[in-house]
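Mind looking over this structure? Questions follow.
The values are calculated or read from the model by the stated rules, or taken from the named source; none is laboratory data. It should be emphasised that the depicted structure is a prediction, and the values quoted were computed from it without experimental measurement. For neighbour counting, all protein chains shown are included, and Cβ atoms are generated from backbone atoms with ideal geometry for every residue, glycine included.
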Amino acid sequence: MTVPALASASGLLQVASLLGLLLLLLKAAQLYLHRQWLLKALQQFPSPPSHWLYGHSREFQEESELPPLLKRVEKYPSACARWLWGTRAMVLVYDPDYMKVVLARSGCGLLLLNGQTWFQRRRMLTPAFHYDILKPYVGLMAKSVQVMLDKWEQLVAQDPRLEIVGPVSLMTLDTIMKCAFSHQGSAQTDGDSQSYIQAIWDLKNLIFSRLRSAFLQNDIIYRLSPEGRQCQRACQKVHQHTDRVIQLRKTHLQKEGEMENVKKKRHLDFLDILLFARMENGNSLSDTDVRAEVDTFMAAGHDSTASGISWVLYALASNPEHQQRCREEIQGLLGDGTSITWDHLDQMPYTPMCIKEALRLYPPVPSVGRELSKPITFPDGRSLPAGMSDVGLRVPECPLSGQRSGARAGPAQNRNCIGKQFAMNEMKVVVALTLLRFELAPDPSRIPVPIQGIVLKSKNGIHLKLRKIP
């Protein structure tokens, strides 16, 4: 290579180096200014000292169990800042009055849709949860519960101690598959269902783990990491399960004909409505939209309900006097429990009270999030500007929140759970049929340790001792 060519190449390298350095400096300045903006925005919300790079990552690990969180709640009333890493922060809110201010806003959510899209989807799907649709579901729920209880009866004949989260998860998946997707098989005996539930559990753990790591926030880095690859595999399993459900229904609907013909034979369920909405207007719901809605409803619908049922049964096991009072109410209404109907569910006032109290103490979804599109001012005058990327909300009913037990954030929300009545009916059916067949007691050697997550779970599972009622 000639001297001029070398000089030219050297000059290009110098220019490239200068441009790279300039871009690096600009990015560093951008991050610095963003951090300064965050520091100013969060100065009204004290928090424990944080590292300039990895924020409160260490505290994240220490607070995986709920008891350590109590110390922070007591030290920083109403709300506190939490730094995820150097340029990303959120505000944890655990005061009911604070919660009302934030939850009254419209925003992203069915779980994560923006406001207008959410209202359109909600209006479209609401008919799937009309009372006339929900009434016959009670019988389907009872059949799924009886399958689970029959298995428990066989197991406790050998050992009265039983871990209940796994079986309850299979039962709730079985129920939602039969009710919302008209599935004819049994998820409790299908091996694919167990792998689907495991994939959902893996995804929850991986997502929550990523939220707690300062070094896995970049999408490219995450996809290349072992956790990222595991997350992709779990997503594939979930999507494969969902795609099978959708394809089976499409095939069935092709045989049944047009929507009006189907309506004459039966009520449209959740999946029918999604698919017919797309058939009537091809631009309304794409295949991706349909799968996203099914993924959301199937995963959230069975998992949060399974958590709620498991903790309700544990709460009843821990309070035998209330358990017995519920049992007497149910026996007086159902007798031997061979038949339970929609009408029975409104005739057991005390049992739902116990269910709701257990859900207050052990909320299945202990925290939710919001992104601020507008400034917000809290009752005590503290405020947050628009542009805050996350506001973490700790449900005030958590027993460790230190808040008054009567406080409820729910009524302040402009959205409620589309499947709330469905889930409550399922909980009533499970509690009623379980208490007719078994006496429940906690396993003193394995007291559950609640831990944070997308869904409230126990570090060591939920173990009960069951005794068959003669």
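Can you work out which of the residues in the stretch 33-72 that are under 13 Å from Trp85 (Cα atoms) and in a helix (DSSP H, G or I) is modelled with the lowest pLDDT? Show your work before the answer.
The first filter runs over the stretch 33-72 and keeps only residues under 13 Å from Trp85 (Cα atoms), leaving 34-35, 38-39, 49-60.
Subset that is in a helix (DSSP H, G or I): 34-35, 38-39, 57-60.
Details: His34: 89, Arg35: 90, Leu38: 91, Leu39: 91, Ser57: 76, Arg58: 74, Glu59: 73, Phe60: 68.
Filtering first and then ranking leaves Phe60.
I need the full set of residues from the stretch 346-374 which are closer than 19 Å to Val101 by Cα and hydroxyl-bearing (Ser, Thr, Tyr), in order please.
Passing the criteria: Ser367, Ser373.
Scan (1) at pLDDT 90 or above; (2) out of contact with any strand residue (DSSP E or B) (no Cβ under 9 Å at 6 or more places or on another chain) for the single condition Leu149 breaks and write down its number.
Looking at each condition in turn, Leu149 falls short on (2).
When the residues of the stretch 205-243 are narrowed to those that are within 22 Å of Val455 (Cβ to Cβ) and of a type in the set (Ser, Thr, Tyr), which ends up modelled with the lowest pLDDT?
Among those residues, the one meeting the criterion is Ser213.
Would the stretch 99-122 turn up any residue that is at pLDDT 80 or above and assigned to a loop (DSSP other than H, G, I, E, B)?
Checking the stretch 99-122: not a single residue is at pLDDT 80 or above and assigned to a loop (DSSP other than H, G, I, E, B).
What pairs come up if the first residue lies in the stretch 120-134 and is surrounded by fewer than 18 Cβ atoms within 10 Å (Cβ to Cβ), the second is of a type in the set (Gly, Ala, Ser) and in a helix (DSSP H, G or I), and their beta carbons are under 8 Å apart, counting only those six or more places apart or on different chains?
Pairs that qualify, where the first residue is surrounded by fewer than 18 Cβ atoms within 10 Å (Cβ to Cβ) and the partner is of a type in the set (Gly, Ala, Ser) and in a helix (DSSP H, G or I), are Met124/Ala277.
How do the pairs read when you match residues in the stretch 39-68 that are on the phi < 0 side of the Ramachandran plot and among the aliphatic types (A, V, I, L, M) with residues anywhere that are at pLDDT below 75 and surrounded by 12 or more Cβ atoms within 10 Å (Cβ to Cβ), using Cβ under 6 Å and keeping only pairs 6 or more apart or on different chains?
Leu66/Leu400
Which ones in the stretch 334-379 are polar (S, T, N, Q) and either assigned to a loop (DSSP other than H, G, I, E, B) or closer than 24 Å to Gln421 by Cα (or both)?
The answer is Thr338, Ser339, Thr341, Gln347, Thr351, Ser367, Ser373.
Given the criterion touching a Pro at 6+ places or on another chain (Cβ under 9 Å) and either at pLDDT below 85 or among the small types (Gly, Ala, Ser) (or both), identify the matching residue among Leu274, Leu268, Leu285.
Numbers: Leu274 fails: touching a Pro at 6+ places or on another chain (Cβ under 9 Å); Leu285 fails: touching a Pro at 6+ places or on another chain (Cβ under 9 Å).
Matching residue, one of Leu274, Leu268, Leu285: Leu268.
Test Ser458 against the criterion of being touching a helix residue (DSSP H, G or I) at 6+ places or on another chain (Cβ under 9 Å), closer than 23 Å to Ala104 by Cα and modelled with pLDDT under 95, and give yes or no.
So Ser458 does not fit the description; no.
Next question. Going by the structure shown, is Val156 in contact with a Ser or Thr (Cβ under 8 Å, 6 or more places away or on another chain), hydrophobic (A, V, I, L, M, F, W, C) and modelled with pLDDT of 90 or more?
In short, no.
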